[in-house]
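*Asks:* A single structure is presented below for examination.
The values are calculated or read from the model by the stated rules, or taken from the named source; none is laboratory data. Just so it is clear, the structure is predicted and the values come from calculations on it, not from any experiment. All Cβ positions, glycine included, derive from the backbone under ideal geometry; neighbour counts span all protein chains shown.
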Amino acid sequence: MRTNIEKHIYLPYEVKERITKNAQKVDIHALLKPIDLIDRIKNFADEISHNYINFNLEETLPEIVILHNFPIDFPLPNTPMDHNIDYKQLKFCLYSLLLTAKIFKLFPLTYHGENDDCLYRSVAPLEYAKDDNQSAHGGSRYFPVHMDLPDRPLLGDEVKRIAPAPDYSIFSCIRNPNNIPTDIYILDDILKTLDSSLVDILCSKRFKITTPSSFDVSSRKKEPCVYPLVKKYNEKFICRYDELNCFAVDSEAEHALNLFKSKIDQANPIRISINPGEIMLFSNQKTVHSRASFSPNYDGTDRWLIRLYGIVNSSQKLLKNCLYRNKKHVVV
């Protein structure tokens, strides 16, 4: 484990008990549309941050954080076979996700046109998508390397009407019987292996980025925009790389892109397998991630994660002109 990149936090039993009691008191509607709830849990989140977080949140978050010992919903519902999720059975999971976002001073949000504007996204294999390598709901196909929402502004970009890409992805595990991991690649590590001239090309505005297929057709950009693939932000590289949605506009850029891909293929990822009662968050822009293929059973026992997006508090002001509508949670 690289302690400067990957941090583990073990919550004590008494904190787990308080999370359990607090979550039991919260109405499911407050969890699904939690603008008011986010403010109410601030003091508890600050207490956990002060007592148990052993790094400076004001400076920078690590690329990867894993938190252990959250309460587990019981009885545990079956892994869903479709998109109909009974979130009433996941109160501990949803409360823990929101609390985690608040602990790390992240503001939870979702994006119009994806996931029916729901704040949480179920990540589980669905039989109809078993051969789809463009969906997190596939299982038997490898889900390629990507960051989420690559066609959105990155950290440091000007934000007008298009809301920025999430800064962090937060995942809670409902079940993971076969310990199927998420493979995470640190962008700085990949770019260190490339010649500086190739990095300069990757930093130039020579890459078309399309909207991911997880967005409904009406919400996708009609024409792909051209962006730099990589940029420096606060002394670290960030990127908008998505293997399925990134295309070079000329031969020199294509050569650099292919070499970048090959370096990722050759790299050893940080392999994170979370289990029930654990939450993983990782930088969406300083890393890229993938998931290996596996063999789902489609019988209610398959791997099941719940995802929440978060942006750093300092980015909230960028959302002011981007709000699509407010349903007691932020949709942008």
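*Asks:* Hey, among PRO144, PRO164, which residue is of a type outside the set (A, V, I, L, M) and part of a strand (DSSP E or B)?
*Replies:* PRO144
*Asks:* Considering only region 161-168, I want to know if a residue exists there that is out of contact with any strand residue (DSSP E or B) (no Cβ under 9 Å at 6 or more places or on another chain) and within 22 Å of SER283 (Cα to Cα).
*Replies:* Yes, region 161-168 contains a residue that is out of contact with any strand residue (DSSP E or B) (no Cβ under 9 Å at 6 or more places or on another chain) and within 22 Å of SER283 (Cα to Cα).
*Asks:* If you go through region 63-97, how many residues are touching a Lys or Arg at 6+ places or on another chain (Cβ under 6 Å) and hydrophobic (A, V, I, L, M, F, W, C)?
*Replies:* 1
*Asks:* Quick check on my filter: what residues within region 237-289 are part of a strand (DSSP E or B) and either of a type in the set (Phe, Trp, Tyr) or surrounded by fewer than 16 Cβ atoms within 10 Å (Cβ to Cβ) (or both)?
*Replies:* Correct list: PHE237, PHE247, ARG271, PHE282.
*Asks:* Follow-up. How many residues does region 44-61 hold that are exposed (fewer than 14 other Cβ atoms within 10 Å of the Cβ) and either of a type in the set (D, E, K, R) or modelled with pLDDT of 95 or more (or both)?
*Replies:* Number of matching residues: 4.
*Asks:* A further question on this structure: Which condition does LYS231 not pass, out of (1) of a type outside the set (A, V, I, L, M, F, W, C); (2) at pLDDT below 95; (3) in a strand (DSSP E or B), if it passes all the others?
*Replies:* The single condition LYS231 does not satisfy is (2).
*Asks:* Hey, which of the helices (runs of 4 or more DSSP H) in region 1-103, taking only ones fully inside, have at least 2 residues that are on the phi < 0 side of the Ramachandran plot, more than 22 Å from the chain's Cα centre (by Cα) and not small (Gly, Ala, Ser)?
*Replies:* Hits in region 1-103: 13-25, 28-32, 35-40, 42-52.
*Asks:* Among the residues of region 1-40, write down those that are over 19 Å from ILE72 (Cα atoms) and either hydroxyl-bearing (Ser, Thr, Tyr) or at pLDDT 95 or above (or both).
*Replies:* THR3
*Asks:* Looking at SER122, SER172, SER135, which one is in contact with a helix residue (DSSP H, G or I) (Cβ under 7 Å, 6 or more places away or on another chain), over 24 Å from VAL230 (Cβ atoms) and modelled with pLDDT of 90 or more?
*Replies:* SER172
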